[in-house]
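Worksheet: one structure, shown below.
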Amino acid sequence: MRRIVIVGGGYAGFTTARELEKGLRRELRRGEVELVLVDPRPYMTYQPFLPEVVAGSVEARHAAVAHRRHLRRTRLVDGSVVRVEHADRVVVVRPRSGETYRLPYDTVVVTAGAVTRVFPVPGVAEHAIGMKHVEEAVAIRDRLLTSFDRAASLPRGPERERLLTVTFVGGGFSGVEGFGELLSLAHDLLPRYPEIDATELRFHLVELSDRILPEVTDRPGRWVVEQLERRGGRVHLGTGLESAVDGVVRLSTGEEFASGLLVWTAGNAANPVVATHTDLPVDRRGYVVVRPDLRVGTDDEPVDDAWAAGDGAAVPDLAVARPGALAVPNAQHAVRQGRRLARNLVASLHGRPTRPYVHGSLGVIATLGLGSGIFQSRGIVVRGRLAWLVHRGYHLLAVPTWERKARVLAVWLTAAVFGRDVVSLASVQTPRAAFAAATTPDDAPDDVRAAQDDAQEAVA
Ligand SMILES: Cc1cc2nc3c(=O)[nH]c(=O)nc-3n(C[C@H](O)[C@H](O)[C@H](O)COP(=O)(O)OP(=O)(O)OC[C@H]3O[C@@H](n4cnc5c(N)ncnc54)[C@H](O)[C@@H]3O)c2cc1C
């Protein structure tokens, strides 16, 4: 029996595993392969829903597609691969509990994605939240809701101003979508907070280059900036974040302000496991080098028994005429690459020829907040409510499994009637605080009281 180990069960890995499971039913002989998927998370994150999780339009749990529910013939390993030693056909697995161990394989599929790109800007590591994972999206939403609650009971002044100031760094897709959705949530909250005036909201989007959304052309890009600014956001183009020490944002323009929420959406970097802990070939940025059929290596130097796809792989884009073009790291590609990879892997096991991965982009689509969006496919640009509806329709069709589609649709329909939920559950971060408070008398020892204070501080 051949053991196929899939490293990472996100878009590309989850799709590969599902397709291989289908292959098991149709083409592969019983007992021919054993599928193993290693991921420290028990679910695939549907990242395009994270901006809507931020806004409370999609339930956090619905952006997570459970491996165990949808991968019935795959052995799931709860841990991280810390090294791929392909020469020995071994991955080193660090489980979430227990000792690190070596897991031998016959074939490896590397789909560990990318990580958030971080620059050594002082204060960022201490204060910023990323937006790649469900918990980050939930924390961003809870932080804004908690800030509204606290600001509403404070007199006007620096602390109230800080709480109502939000800064996003990075004007790519996730930054613009997250910023637009959070701005939209903040405006929706205002009627419920008569103590807070719309003019008190300070939403900053900081982008180093002179435009946002690099995937859309100039005019629609400018329209997006206008839309965000019309709703009270400030877009700082050609501006860098110099420092965020103690939560005080200092921009390269010299502007400085205290920001209660700092969200870091400055793009992707290679996953360190792939970039530096493997003997598989990687390019100068640390992405796995693959051939057009997604086998690792080059046409001249193919690597046997190794495949890769998704954000962590440098996949040639044959749909683009430019020589050397690489597929853009997005879900549209990752999911299709996962499918192609699985089919090619089965073909190669059966001695059949593989096929190159070719996918012409369907265009780009982004939400800018409830009821507003932008869609561009070549020369066609759709803006506003229609684009937002297309965005929702597209993602409803794209989110894997009927069960997820039904749950997401149910939340959207409920919200259309009753509005979105506006309660912060930041206290879930410190579940023992209430219990400790209930069981601890006022004359509790200092260390117990200090723990309670810390817990409350963390919630704040
Ligand atoms: C906020 C946001 C919005 C987006 N919106 C869109 C959109 O609208 N349209 C679009 O096309 N794309 C969008 N994208 C991009 C898209 O989500 C990614 O391109 C896609 O998820 C890449 O798939 P992947 O499988 O390569 O990586 P991922 O989906 O990131 O999966 C990687 C998996 O590997 C696991 N992993 C990591 N390291 C290890 C390790 N050492 N060992 C084992 N497992 C590991 C991770 O836990 C994860 O499950 C968005 C991204 C973000 C962050």
Quick one: would you say GLY260 is at pLDDT 95 or above and out of contact with any strand residue (DSSP E or B) (no Cβ under 9 Å at 6 or more places or on another chain)?
-> no
Can you tell me which residue within segment 304-342, out of those that are among the hydrophobic types (A, V, I, L, M, F, W, C) and free of Cβ contacts under 8 Å to residues at least 40 places away in the same chain, is farthest from THR16 (Cα to Cα)?
-> ALA321
Restricting attention to segment 152-208, the residues that are more than 16 Å from the ligand (Cβ to nearest atom) and in a helix (DSSP H, G or I) number exactly 17
Set ALA66, ALA55, ALA87: member being over 24 Å from GLY23 (Cα atoms), more than 10 Å from the ligand (Cβ to nearest atom) and surrounded by fewer than 19 Cβ atoms within 10 Å (Cβ to Cβ) = ALA87
Test: THR107 is surrounded by 23 or more Cβ atoms within 10 Å (Cβ to Cβ) and among the hydroxyl-bearing types (Ser, Thr, Tyr) = no
Here are ALA17, ALA12: which of them is near the ligand (Cβ under 8 Å from one of its atoms) and among the small types (Gly, Ala, Ser)?
-> ALA12
Selected residue (criterion: nearest to the ligand (Cβ to nearest atom)) from residues of segment 291-302 that are surrounded by fewer than 23 Cβ atoms within 10 Å (Cβ to Cβ) and in a strand (DSSP E or B) = ARG295
Within segment 353-375, the residues that are more than 16 Å from HIS333 (Cβ to Cβ), aliphatic (A, V, I, L, M) and near the ligand (Cβ under 10 Å from one of its atoms) are ALA366
Going through segment 315-328 in order, the residues found to be within 20 Å of PHE173 (Cβ to Cβ) and buried (at least 19 other Cβ atoms within 10 Å of the Cβ) are VAL315, ASP317, ALA327
Could you say whether any residue in segment 250-258 is under 23 Å from the mean Cα position of the chain (by Cα), surrounded by fewer than 22 Cβ atoms within 10 Å (Cβ to Cβ) and touching a residue at least 24 places away in the same chain (Cβ under 8 Å)?
-> no
Having 2 or more residues that are farther than 30 Å from GLY178 by Cβ is the bar; report the helices (runs of 4 or more DSSP H) wholly within segment 1-110 that clear it.
-> 11-26
Could you tell me whether any residue of segment 350-360 is assigned by TED's automatic domain parsing to the domain that holds ILE6, surrounded by 22 or more Cβ atoms within 10 Å (Cβ to Cβ), among the hydroxyl-bearing types (Ser, Thr, Tyr) and farther than 20 Å from ARG2 by Cα?
-> no
Counting just the residues of segment 303-331 that are within 19 Å of the chain's Cα centre (by Cα) and assigned to a loop (DSSP other than H, G, I, E, B), which one comes out nearest to PHE14 (Cα to Cα)?
-> ALA309
Taking into account only those residues within segment 262-290 that are in a strand (DSSP E or B) and within 18 Å of the chain's Cα centre (by Cα), which is farthest from the ligand (Cβ to nearest atom)?
-> LEU262
Matching residues, segment 317-352, being within 16 Å of the ligand (Cβ to nearest atom) and not aliphatic (A, V, I, L, M) | ASP317, PRO329, ASN330, GLN332, HIS333, ARG336, GLN337, GLY338, ARG339, ARG340
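The values are calculated or read from the model by the stated rules, or taken from the named source; none is laboratory data. Quick caveat: nothing in here was measured; it's all calculated off a predicted structure. In this analysis, Cβ positions are derived from the backbone assuming ideal geometry, glycine residues included, and neighbour counts consider all displayed protein chains.
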